[in-house]
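Report on the structure given below.
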Amino acid sequence: DIQMTQSPSSLSAFVGDRVTITCRASQSISNYLNWYQQKPGKAPKFLIYAASSLQVGVSSRFSGSGSGTDFTLTISSLQPEDFATYFCQQSYRIPWTFGQGTKVEIK
Amino acid sequence: EVQLVESGGGLVQPGRSLRLSCTGSGFTFGDYAMGWVRQAPGKGLEWVGFIRSKHTGGTTEYAASVKGRFTISRDDSKSIAYLQMSSLKTEDTAVYYCTRDDDHIVVMDTIYYYYYGMDVWGQGTTVTVS
């Protein structure tokens, strides 16, 4: 199975900060990488596919990049509604696997 | 509005069975693969499995942790996907989410690339094995 590792596991940031989350795959997955956002007590929300393509309706504050084994999710200017946990997920090979999550908290 | 609603969760003893249902609305249910993802208390997301649409074969895929114990099926006439869980273990305790799975297309140099993603999620149903 392909292992997905996110860093950091958590971070604190101010509203307006630029935030970057990293996701690393245990082997090359080309750009078959999705990102999800989950708020406490809620279902995850699909943000990005193909490493950098924004899902319809997702704010342009969010962007993704990377290919191969290293990927990033960037929030350009953190807003109050962005405080949540973010998960990466590879769709290169079954079984699909998720990173352990990165919790973004208010500083 | 596109929506998924899970039901059927509850408290069950180890070794017993339980069936979850996922009812879709606001989209043509039969056109999509349907999946299940679970989240143990305080933990991350774990993919459980999915069932392809009938027009792509209707076959299923499972995580190793549930293969042979869990079965995903679908009734497109009712817009329902099912997760039949048997031989339940305490480690199956989790919130179970139903997902609509789709291929998202990216065109590069006139070539179409398909990227699988879970683009709609239900609110989740809690299964406690104890």
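Just one of the listed residues (A:Thr102, A:Thr97) is within 14 Å of another protein chain (Cβ to nearest Cβ), modelled with pLDDT of 95 or more and more than 21 Å from B:Val120 (Cβ to Cβ), and it is A:Thr102.
Just one of the numbered conditions (1) open to solvent by 30 Å² or more (accessible area, probe 1.4 Å); (2) touching a Cys at 6+ places or on another chain (Cβ under 7 Å) is not true of A:Phe71: (1). Check A:Ala43, A:Ala50 and return the single one that is crowded, with 20+ Cβ neighbours inside 10 Å, modelled with pLDDT of 95 or more and over 26 Å from B:Val95 (Cα atoms). Just one listed residue meets the conditions, A:Ala50.
Looking at segment B:28-102, what strands (runs of 3 or more DSSP E) fall wholly within it and have at least 1 residues that are open to solvent by 30 Å² or more (accessible area, probe 1.4 Å) and charged (D, E, K, R)?
Of the strands (runs of 3 or more DSSP E) lying wholly inside segment B:28-102, those with at least 1 residues that are open to solvent by 30 Å² or more (accessible area, probe 1.4 Å) and charged (D, E, K, R) span B:45-51, B:60-62, B:70-75.
Please work out if B:Ser79 is in contact with a helix residue (DSSP H, G or I) (Cβ under 7 Å, 6 or more places away or on another chain), away from chain A (no Cβ under 11 Å), under 21 Å from B:Thr23 (Cβ atoms) and free of Cβ contacts under 8 Å to residues at least 24 places away in the same chain. No: the conditions fail for B:Ser79.
Would you confirm whether any residue within segment B:103-116 is more than 10 Å from chain A (Cβ to nearest Cβ), part of a loop (DSSP other than H, G, I, E, B) and under 24 Å from A:Ile48 (Cβ atoms)? Spell out how you get there, then give the answer.
First, the residues of segment B:103-116 that are more than 10 Å from chain A (Cβ to nearest Cβ): B:107, B:109-112.
If we keep only those that are part of a loop (DSSP other than H, G, I, E, B) too, we end up with B:109-110.
Add one more test, that the residue is under 24 Å from A:Ile48 (Cβ atoms), and what stays is B:109-110.
For segment B:103-116, residues more than 10 Å from chain A (Cβ to nearest Cβ), part of a loop (DSSP other than H, G, I, E, B) and under 24 Å from A:Ile48 (Cβ atoms): present.
Just to be sure, is A:Thr85 among the hydroxyl-bearing types (Ser, Thr, Tyr), out of contact with any Pro (no Cβ under 7 Å at 6 or more places or on another chain) and either away from every other protein chain (no Cβ under 11 Å) or under 24 Å from B:Tyr62 (Cβ atoms) (or both)? Taking the combined requirement at face value, the residue does not satisfy it. When the residues of segment A:1-48 are filtered to those that are free of Cβ contacts under 8 Å to residues at least 24 places away in the same chain and outside any loop (DSSP other than H, G, I, E, B), the one that is farthest from the other protein chains (Cβ to nearest Cβ) is A:Lys45. Considering segment B:117-129, the residues that are farther than 17 Å from B:Trp47 by Cβ and in contact with a Ser or Thr (Cβ under 8 Å, 6 or more places away or on another chain) include one that is farthest from the other protein chains (Cβ to nearest Cβ), namely B:Val129.
Given the options B:Glu46, B:Glu91, name the one that is among the acidic types (Asp, Glu) and either under 25 Å from A:Ile29 (Cβ atoms) or within 14 Å of chain A (Cβ to nearest Cβ) (or both). Can you show your working first?
Details: B:Glu91 fails: either under 25 Å from A:Ile29 (Cβ atoms) or within 14 Å of chain A (Cβ to nearest Cβ) (or both).
Result of the check over B:Glu46, B:Glu91: B:Glu46.
The values are calculated or read from the model by the stated rules, or taken from the named source; none is laboratory data. Keep in mind it's a predicted model, so treat the numbers as computed, not measured. As a convention, Cβ positions derive from the backbone with ideal geometry for all residues, glycine included, and neighbour counts pool all protein chains shown. What goes into the accessible areas is simple: the full protein's heavy atoms, side chains included, and nothing from ligands, DNA or RNA. Shrake-Rupley method; radii C 1.70, N 1.55, O 1.52, S 1.80 Å.
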